[in-house]
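Below you'll find the structure, written out as structure tokens, and then a few comments.
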Amino acid sequence: MIIAGIGGFFGTCGRYLTGVAAKRMFSGSFPAGTFIVNIVGCFLIGIFFGLWGRHEMDAAVKALLITGFCGGFTTFSSFSHDQLKLLREGKYLTWGLYLVLTVVLGLAAVYAGMACIG
Amino acid sequence: MNWIKATIIAGAGGFVGTCMRFLSEKFGAAVYGGAFPLGTFIANILGCLLIGIFYGWASNRAWFNKKWNLFLITGLCGGFTTFSSLSDECTSLIDAGNDATFWLYLLASLVLGVLAVAAGIAMVPKKPAGETA
């Protein structure tokens with residue numbers, strides 16, 4: 001558990017810093033920071049499982065990189081809160097785009113990560 | 001507060017949240033052996049409920065400052081929930097041909113996630129201005 005927590009510490013640090021950078025680079029209501037970490041995190045999980053093997057991966061490595069880093073780097077709570085906020089603000093087009101892009105590109109990113117390793 | 005301190009506070013919350021998710025995944029696997037990723041699902045929905053409560057506090061409690069925001073929202077909720085595991089579990093279900101569980105898991109996560117945030121916000125009593133301590 002502690003190993004996972006350590007991975008989560010670093011993943012969360014990365015997510016926070018990405019969010020700060022995204023706020024500076026992108027204006028507008030599309031939640032760029034959360035979107036970027038979620039898609040990149042999905043890509044990374046594909047890479048890691050591609051490198052070590054989903055079923056062959058050592059428990060400690062899995063705890064650190066998958067449960068820990070990828071789990072800390074990505075977020076479902078902010079994604080859900082972002083959606084609620086967009087809906088309450090009546091920004092239905094942005095909400096729909098955000099939802100569909102996150103889900104579709106998230107899945108594609110996992111496959112792409114695994115395909116990169118081959 | 002400088003950015004290094006802010007990052008560490010967020011990271012510390014993420015450490016706690018990730019430990020909680022680790023335990024949730026263990027619990028889920030222990031009580032249910034089917035294909036539905038129960039551990040991740042519980043962590044994600046509970047995490048959404050918590051983020052709603054914390055945002056409720058953020059908007060209506062004077063004591064909820066930037067440090068609490070970093071630790072609880074960016075940190076704990078962000079660490080407790082995960083999008084990468086959700087996506088990976090979905091690809092596993094798709095690859096196994098388990099379309100029914102894939103759709104159930106995806107849609108239940110998305111819908112209940114947003115509803116849980118709203119429920120969390122609604123759970124926080126709104127104090128009048130001047131009484132937000």
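Bear in mind these aren't lab numbers, they're just calculated from the coordinates by the rules spelled out. If you're wondering where the values come from, they're calculated on a predicted model, not measured in any experiment. Backbone-built Cβ (ideal geometry, glycine too); neighbour counts: all protein chains shown.
Go ahead and set up a Gaussian network model of chain B, Cα springs under 10 Å, then flag whichever of B:49, B:112, B:76 fluctuates most. Result for chain B, Cα springs under 10 Å: B:112 fluctuates most.
Along its principal axes, the protein assembly as shown has C-alpha extents of 58, 41, 36 angstrom, given from the largest down.
Scaling the Cα radius of gyration of the range B:11-133 by the globular reference 2.2 N^0.38 Å produces a ratio of 1.19. Could you compute how fast chain A diffuses translationally, taking Rh as the Kirkwood radius over C-alpha pairs and applying Stokes-Einstein at 25 °C with viscosity 0.890 mPa s? Give it in µm² per second. The estimated diffusion coefficient comes to 165 µm²/s. Pairing the Cα long axis of helix B:3-31 with the longest principal axis of chain B, what angle in degrees results, from 0 to 90 and rounded to the nearest 10? Taking Cα atoms only, the helix is inclined about 40 degrees.
Shown here are the Rg and Dmax of the Cα trace of the range A:49-118, at 15.7, 46 Å. Pairs from the list A:62/A:85; A:23/A:91; B:26/B:126; B:66/B:126; A:62/B:66; A:23/B:126 with a Cα-Cα gap above 26 Å: A:62/A:85; B:26/B:126; A:62/B:66; A:23/B:126. Residues B:51, A:3, ranked from the fewest to the most other C-beta atoms within 10 Å, line up as A:3, B:51.
This ranking places A:95, B:3 by how few other beta-carbon atoms lie within 10 Å of each, fewest first, which gives B:3, A:95.
Dipole of chain A computed with +1 at Lys/Arg Cβ and -1 at Asp/Glu Cβ about the Cα centre; of A:65, A:7, A:19, farthest Cα towards the positive end is A:19.
Charge dipole (Cα centre; +1 on Lys/Arg Cβ, -1 on Asp/Glu Cβ; no other charges) of chain B amounts to roughly 780 debye.
Dipole magnitude for chain A: computed about the Cα centre from +1 point charges on Lys and Arg Cβ and -1 point charges on Asp and Glu Cβ, it is near 320 debye.
For the range B:35-49, putting each phi into the Karplus relation 6.51 cos²θ - 1.76 cosθ + 1.60 with θ = phi - 60° gives couplings of 7, 5, x, 5, x, 5, 4, 4, 4, 5, 6, 4, x, 5, 4 Hz, in residue order, rounded to whole numbers and with x for Gly and Pro. Around residue B:5, under 15 Å between beta carbons, what's the net of Lys plus Arg minus Asp minus Glu among the other residues? Taking every other residue near residue B:5 into account, the sum is +2.
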